Amino acid sequence: MKEAEQPFQFVTAPFLSRINNQVAGTLSELRDGLDHATDASIFYHTFQTLGRHHFLTEGFSNDFAQWVLASLNRAGLAERLAGIDVRDYLSMAELRSDLLRMILEHCEAEPRDAQLSAFEPFFFCEAVEVTAPLDLEARTLEQFRDGVAHIGHASFYHHFIASRLRLQLKTNDFSYWLENSLGLVELASRCNRIDIYAHTLDTARQKMIGTINQELRHDRN
């Protein structure tokens, strides 16, 4: 079994949430808030939504879409915002631009909606992440599989979802290591294609472990 020269170092990354001083009570105010919000806040309400709830198969996939539906009852716009796939973005600037464009287009088409008062305000938040290495690393595919099975939600989220922006590539820490350290290009691609919107963090992990087990069985045959 091939051993990587550079081991995969598993880390965990819990975070503390904090409420900023930006609040929106209308679509117009949400648009202005998005325009001035920090990158950390945009990240919190999109990428970190996936890690906070641990259930990706219920409700909308980001906080903006959920608020537009629940507090403004604008299902059409909510569905457009929910259709954003964070895997398509390499920067917060691109993601912010698309969110703003969708809201602006809706307000231009439905001008009265821009000042419609929400049932509840939207509070812009952000999170402070604290990254810490775990006493766990892998040099072989089998060790890597065991590590993925062992880590908690915060670690799996950090490596599989949040890392996409950090790497500035449309991939994740796991797939990047599999391809570049073990040379398992096809396995890396299959792991990267696991749909983070169709799975919970737990079922995404199970899917990845199953995919790795298939590779291990193939190597033994």
Counting only the backbone N, which residues of region 132-152 are under 11 Å from the spot 7 Å out from the Cα of residue 1 toward its beta-carbon? 139-147
Length-normalised contact order for the chain - Cα pairs under 8 Å, 6+ apart - percent: 33 percent
What residue among 137, 94, 79 shows peak mean-square fluctuation when the chain is described by a Gaussian network model with Cα springs under 10 Å? 94
If we count every other residue with Cβ under 11 angstrom of residue 184's Cβ, Lys/Arg +1 and Asp/Glu -1, where does the sum land? -2
What list of ³J(HN,Hα) couplings, whole Hz, do you get for region 100-116 from phi and the Karplus terms 6.51, -1.76, 1.60, once you set θ to phi - 60° and write x for glycine and proline? 4, 4, 5, 5, 4, 4, 5, 5, 5, 7, 10, x, 5, 5, 4, 10, 5
Using the Cα centre of the chain as the reference point, and only Cβ charges (+1 on K/R, -1 on D/E), how large is the resulting charge dipole? Debye, rounded to the nearest 20. 380 debye
Between the helical axis of 141-150 and the dominant principal axis of the chain, each derived from Cα atoms, what acute angle in degrees is found, rounded to the nearest 10? 50 degrees
Quick one: which residues, 5 or more positions from residue 20 or on another chain, have an amide H under 5 Å from its amide H? H modelled 1.01 Å from N in the peptide plane, none for Pro or chain starts. 124, 125, 126
Cα pair count fraction exceeding 16 Å, expressed as % - region 97-184: 70 percent
What is the helix-to-structure angle for 63-72, meaning the angle in degrees between its Cα long axis and the longest Cα principal axis of the chain, kept from 0 to 90 and rounded to the nearest 10? 30 degrees
Given charges of +1 on the Cβ of Lys and Arg and -1 on the Cβ of Asp and Glu, with all other atoms neutral, how large is the dipole of region 38-169 about its Cα centre, in debye to the nearest 20? 80 debye
Could you check which residue among 18, 112, 205 shows the biggest mean-square fluctuation in a GNM of the chain with a 10 Å Cα cutoff? 112
Alpha carbon centre of region 23-40 versus region 131-156: separation in Å? 37 Å
Stretched out fully, how many nm does the piece from residue 88 to residue 211 gain, at 0.36 nm a residue minus the Cα gap? 42.0 nm
Take the chain, connect every pair of alpha-carbon atoms lying under 10 Å apart with a spring to form a Gaussian network, then pick out the residue of 171, 46, 211 with the largest mean-square fluctuation. 211
Could you give the angle, 0 to 90 degrees to the nearest 10, between helix 201-220's Cα long axis and the longest principal axis of the Cα atoms of the chain? 30 degrees
Could you tally the net charge around residue 98, taking each other residue with its Cβ under 11 Å from the Cβ of residue 98, Lys/Arg +1 and Asp/Glu -1? -1
How would region 169-221 be classified by its alpha-carbon gyration tensor: rounded, prolate or oblate, with rounded meaning a/c under 1.5 and the a/b versus b/c comparison settling the rest? oblate
Taking Cα pairs under 8 Å and at least six residues apart, what relative contact order does region 129-184 come out at, in percent? 21 percent
So who's got an amide H within less than 5 Å of the one on residue 136, skipping anything under 5 residues away but keeping other chains? H placed 1.01 Å off N, in plane. 10
Give me Rg over Rh for the chain, both radii from the alpha carbons and Rh done the Kirkwood way, two decimal places. 1.04
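Laboratory data are not the source of any read-out in this text; all were calculated from the coordinates shown. Quick caveat, the model's predicted, so the values are computed rather than measured. Virtual Cβ from ideal backbone geometry, glycine too; neighbours counted across all protein chains shown.
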